[in-house]
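What follows is a set of notes on a single structure, which appears directly below.
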Amino acid sequence: MDLFSHVLWTSVLGRNRLWHDEAILFALLPDAGYFLIMLYVLFGTPMNVNFADAMVTLPKGFMVIYYLLHSFVVFGVTALAVWKLKPKLLPALSAWFFHICMDIPFHDGVFGTRILYPLLPNFYIGGMSWGDYRVLAGSYFLLLATWFYLEMRELRKHRRRDNWLPDWIDRLEHAVGGLINPKPIPTAHAEGGDNARTPDRIPGEDRVGTGENQYHGPGAVPPPEAG
């Protein structure tokens, strides 16, 4: 897909301010190889040479970089390293994965997305060109519809904040938060020898009313009566 689509989709889907900026950078990363190719075409060849002829003389290393950055193999190795060293970057890193997924059906030929490079260097799934106006129109229409849905959801959530029940987006964000921010075992549990952690609850899961103290659950204690 085109660069603007990658940035806009990442901005819409990566709305969490904790990793939004990093997600934009990871969304741009796979096309770093293409930027190098364009620099060679613009400044490394005579001005009267067109793009196709410039690609004939392109050093092989430029395409190797392009293929590596569009490979699930390279992404997987990087994600494993990030998970071990800095897991808080994992949500932002998903923008790289999403970039590759967007490119698979809309790149062909020499720029076909080699998703298993370098294990299977010539394997790719050909598709329509992202330059086709129908592809761009469909992408931007879906982008607008997704943005509208998320904005309306945030508005409903704000208006019903006292009785909002967690939806699939809340649960996904909660799961991601638990992955990158594991909570330590409480001291009382550790001293008692009970190392099993109680599953965390998403705020609002046990809500049965709109006022305060309207929660229920195992071991819940009703508020003391006044007077």
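Highest mean first, what order results for 17-26, 145-154 on Cβ atoms within 10 Å?
Packing proxy ranking, top to bottom: 17-26, 145-154.
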Query raised in the report: How far apart, in nm, are the 7 Å Cα→Cβ label points at Val82 and Leu3?
Result: 2.1 nm
**Report entry** Note, ³J(HN,Hα) from phi for segment 155-161, Karplus 6.51, -1.76, 1.60, rounded to Hz, x at Gly and Pro
**Finding:** 5, 5, 5, 5, 5, 10, 4
Report task. Please report, largest first and rounded to whole Å, the three semi-axes of the ellipsoid equivalent to segment 3-131, where each semi-axis is the square root of five times an eigenvalue of the C-alpha gyration tensor. Result -> 27, 17, 14
Requested in this report: Quickly rank 59-65, 79-85 as a protection proxy: mean count of other C-beta atoms within 10 Å, highest first.
Outcome: 59-65, 79-85
Query raised in the report: Rounded, prolate or oblate: which one fits segment 104-182, using the alpha carbon gyration tensor with axes a ≥ b ≥ c (rounded when a/c is under 1.5, else prolate when a/b beats b/c, else oblate)?
Result: oblate
**Report entry** Where a label projected 7 Å from the Cα of Thr57 along Cα→Cβ would reach, residues of segment 11-40 with amide N under 15 Å
**Finding:** 38-40
Query raised in the report: Quick one: if the Förster radius is 25 Å, what FRET efficiency do Glu154 and Ala175 give, using the C-beta to C-beta distance and rounding to 0.05?
Result: 0.80
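FYI, it's all coordinate maths here, none of it is from the lab. Nothing here was measured: the structure is a model prediction, and the numbers come from that model. So basically every Cβ, Gly included, is an ideal-geometry build from the backbone, and we count neighbours across all protein chains shown.
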